[in-house]
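Okay, so here's the structure we're looking at.
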Amino acid sequence: MPVIFHEKTKEFHLCNKEISYIFRILANGQPGHIYFGKRLTDREDFGHMIEYARRDMAPCAFEGDSRFSLEHLKQEYPGYGSGDMRFPAFELEYENGSRTTDFRYKGYAIYKGKRKPEGLPAVYVEKEEEAETLEITLEDGLTGVQIVLSYSIFGTYPVITRSTCFYCKRDRVTLLNAMSGCLDLPDKDYEMVELAGAWSRERHVKVRSLEYGIQSIYSLRGCSSHQFNPFLALKRRNTDEHSGEVIGASLVYSGDFLAQAEVDNFDVTRLIMGIHPNEFRWEMEAGERFQTPEMVIVYSENGLNGMSQTFHRLYRTRLARGKWRDMERPILLNNWEATYFDFHEEKLLELAERAKEIGVELFVLDDGWFGRRNDATSSLGDWRVNEEKLPGGLKGLADKINALGLDFGLWIEPEMVNKDSDLYRAHPDWVFADTRRNYCHSRNQYVLDFSKKEVVDYIHGQIRKVLSEAPVSYIKWDMNRSFSEVFSNGMDRRHQGKARHKYILGVYDLYERLIREFPDILFESCASGGARFDPGMLYYAPQAWTSDDTDAVERIKIQYGTSYVYPLSSMGSHVSASPNHQIFRRTPLHTRANVAYFGTFGYELDLTALTEDELEEMKRLTAFMKRNRSLIQKGVFYRLKSPFEHNSSAWMVVSEDREEALAAYFRVLEPSQAGFERIRLSGLERNWKYMVREEMAGESPGDYYEGEHYGDELMYAGLSMSDTSAGLPDIAADRQGDYFSRLFHMKRII
Ligand code: DGJ
């Protein structure tokens, strides 16, 4: 039984083979946290682990008792008004202005499986036996407001999911803060790992030691953002990629979020995560409920790789959905960096023909196909084809692309409008800003008010029409700006505090409708590259455009950081032109491919401007990806050496049965008189012998490294990245110099 309840002690123990999560109802009726970590043997009473203290000045709950104080007790879902001085997990305001709460245990329910929170993305089960859920109901006696804390534990994952539901039974109440979950940890000896960046530099790994006070990351941009990701890990100081303890927390949400670690002055660490309370104000009438998004908490004693591998498996198979979840992803050509807005059907067909020649399977038409959109100043909102560019319409083009043997994919940006559009001219009040004031544009565009159902309905009608009229098999759903001055025109005060969350619910609603109506379409989410690369989006779109930065060297860091939470099957990664369009770096084609392989793989450059030799090489790259994409997209990923700490870096992917693997090594700058370097591999079977073959865009075997090695040698002694080709007369130019990379395929032979 994964959820054990001990009636006498009122203790709950959620456990599977790997983890235990334990709490009990305290003397004051509130749930107090006891333990989260590696599996403990169950017992009826873990009460001795609850740490009380007699401290002068502490607010105490019971007359005559100076030890029971919520100022230092660890709790499950702390509020304001019962002695806890730390940042609360929730805050309410009653009609009389009081924010004091006293929520006490009312009862519990345990059931098999896991329920889907309405309107929100969440991790799911396919069979009820996969997980068990515990719901704890708390009630504020004075007002009747109830809180239901939901905990799900999976049989085979070291994972607890948490979410919270508020229920207003009679007295009106306003929610000012409603975190998804809280975890009070026993000490402060942690380092906080976060993913931070900017446009074109997303999800760089940052690590800092926890100190007294609050350390947090957040988004107030309306999307999960380029700047931070809704993820935070707390690791022990000696934890590295391969060993040591770490707790990872991830929020299944795409809007404003807060992820925070607070260390109090008695060395307790409180981790909370949820919708950012700023500008959140949810008024509730009798009978109404509010459901928070889901927080996914992973425990690993096998370092950061262990944590990531759990996230990958869970998110790839129990968060992503639909036909494409388990299917190999098509290799695509996207025309954006090939043409930008400057294209016509003829040019697109030329590109498609070349794409077909090099083995591409899907042609994606990016921005600029609709209205009068020849630059970024107009037409968002007018989802009608531009017949000057595409005289036969989308259908005409798609049919021709299909006739070449390629599928057809399309870019849309449904949440946005330009002032120069028929939509804006008809509905200026649909802009998500106080239109009586000056409000900011970003890339000349404005956010549509998706907190209003009529707006979502209208856009739904437009996009459904587009998708019904042409054979579209893939959609890239973009979102190219942050919120700046949110206001929902024509709506009352009550709506304004809900508008930002309702916006995201509107986006989820539109995704859900389109997915239902077009179940065969592969959706890729995008937000000026990676501004909405989050678990919420993965529930609707199994892959996401990782970053607008397609430079191979930058991408090593971006993909390395992204892999902390997200599986390779979710990372859009393309080979683009050299010099690169974002940072103008020149990198060898095979290095661009060696990075892009570790994702969904595609091309994004003008194939008509390449030489025959380059196209021949690309044929081999595509063929290589086709042979290996199942391994890449479904294998177990290991980070081996960090690009954030070294000039060289490495990662690898191993098939679940350990029979096959692919390892990549990257060295950014060529050092003078380079030292020798061996990379220790991971995840192989120590007694098996593997044939290790260096891959160099399909060049003939023998030119590059080939040798037989046992798994233990590869893992404990390492694979040499230095020149071991003593027999070769010359060192080929592409085996030295800056932006150098090597790729090794391993296959079990004995
Ligand atoms: C931002 C995306 O990230 C790019 O790939 C491209 O689709 C542009 N938008 C188009 O406007």
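Key figures for this structure:
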read-out	value
Filtered residues of the stretch 616-647 (kept if open to solvent by 10 Å² or more (accessible area, probe 1.4 Å) and over 24 Å from ASP326 (Cβ atoms))	GLU616, GLU617, LYS619, ARG620, LEU640, LYS641, SER642, PRO643, PHE644, GLU645, HIS646, ASN647
Any chance PRO391 is out of contact with any strand residue (DSSP E or B) (no Cβ under 6 Å at 6 or more places or on another chain), within 25 Å of PHE523 (Cα to Cα) and touching a residue at least 40 places away in the same chain (Cβ under 8 Å)	no
Scan of the stretch 360-371 for residues that are outside any strand (DSSP E or B), touching a Ser or Thr at 6+ places or on another chain (Cβ under 9 Å), within 16 Å of the ligand (Cβ to nearest atom) and touching a residue at least 40 places away in the same chain (Cβ under 8 Å), ordered by number	ASP366, GLY371
Conditions (1) more than 22 Å from LYS465 (Cα to Cα); (2) of a type in the set (A, V, I, L, M, F, W, C); (3) open to solvent by less than 10 Å² (accessible area, probe 1.4 Å); number of the one not met by LEU410	(1)
Test: residue in the stretch 28-41 that is within 25 Å of ILE214 (Cα to Cα), assigned to a loop (DSSP other than H, G, I, E, B), in contact with a Gly (Cβ under 7 Å, 6 or more places away or on another chain) and not assigned by TED's automatic domain parsing to the domain that holds GLU262	no
Residues that are closer than 23 Å to THR600 by Cα and touching a Phe, Trp or Tyr at 6+ places or on another chain (Cβ under 8 Å), drawn from the stretch 480-511	TYR511
Count - residues of the stretch 583-639 that are touching a residue at least 40 places away in the same chain (Cβ under 8 Å) and acidic (Asp, Glu)	3
The lone exception for ARG170 - which of (1) open to solvent by less than 40 Å² (accessible area, probe 1.4 Å); (2) outside any strand (DSSP E or B) it fails	(1)
Residue count, the stretch 228-275 (criterion: under 21 Å from the mean Cα position of the chain (by Cα) and either surrounded by fewer than 19 Cβ atoms within 10 Å (Cβ to Cβ) or not in a loop (DSSP other than H, G, I, E, B) (or both))	23
Qualifying residue in the stretch 529-545 (condition: out of contact with any Pro (no Cβ under 9 Å at 6 or more places or on another chain), touching a residue at least 60 places away in the same chain (Cβ under 8 Å) and more than 16 Å from the ligand (Cβ to nearest atom))	yes
Lone qualifier among GLU337, GLU283, GLU353, GLU361 - being surrounded by fewer than 19 Cβ atoms within 10 Å (Cβ to Cβ) and not assigned by TED's automatic domain parsing to the domain that holds LYS169	GLU353
In the stretch 463-509, the residues that are more than 16 Å from the ligand (Cβ to nearest atom), farther than 21 Å from GLU118 by Cα and either free of Cβ contacts under 8 Å to residues at least 60 places away in the same chain or hydroxyl-bearing (Ser, Thr, Tyr) (or both)	ARG464, LEU467, SER468, SER473, SER484, GLU485, PHE487, SER488, MET491, ASP492, ARG493
Test: residue in the stretch 352-359 that is in contact (Cβ under 8 Å) with a residue 24 or more places away in the chain and part of a loop (DSSP other than H, G, I, E, B)	yes
Some residue of the stretch 447-462 being under 29 Å from MET327 (Cβ atoms) and either within 16 Å of the ligand (Cβ to nearest atom) or of a type in the set (Phe, Trp, Tyr) (or both)	no
Residue tally, condition without any contact (Cβ under 8 Å) to a residue 60 or more places away in the chain, buried (at least 16 other Cβ atoms within 10 Å of the Cβ) and of a type outside the set (Val, Ile, Thr), over the stretch 7-34	7
Failed condition for ALA53, given (1) hydrophobic (A, V, I, L, M, F, W, C); (2) open to solvent by 10 Å² or more (accessible area, probe 1.4 Å); (3) in contact with a Lys or Arg (Cβ under 9 Å, 6 or more places away or on another chain); (4) under 22 Å from LEU138 (Cα atoms)	(4)
Within the stretch 372-386, considering residues that are more than 13 Å from the ligand (Cβ to nearest atom) and in a loop (DSSP other than H, G, I, E, B), the one most open to solvent (accessible area, probe 1.4 Å)	ARG372
From LEU505, LEU538, residue being of a type in the set (A, V, I, L, M) and open to solvent by 20 Å² or more (accessible area, probe 1.4 Å)	LEU505
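This table checks each residue for (1) surrounded by 14 or more Cβ atoms within 10 Å (Cβ to Cβ); (2) at pLDDT 95 or above; (3) among the acidic types (Asp, Glu).
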position	(1), (2), (3)
ARG104	yes, yes, no
GLU118	no, no, yes
ALA122	yes, yes, no
GLU130	yes, yes, yes
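The values are calculated or read from the model by the stated rules, or taken from the named source; none is laboratory data. All values reported here derive from a predicted model rather than from experimental measurement. When we count neighbours, we look across all protein chains shown, and the Cβ atoms used for this are built from the backbone with ideal geometry, even at glycine. The protein model used for the area step is the full one, side chains on, heavy atoms only, and it has no ligands, DNA or RNA in it. Shrake-Rupley method; radii C 1.70, N 1.55, O 1.52, S 1.80 Å.
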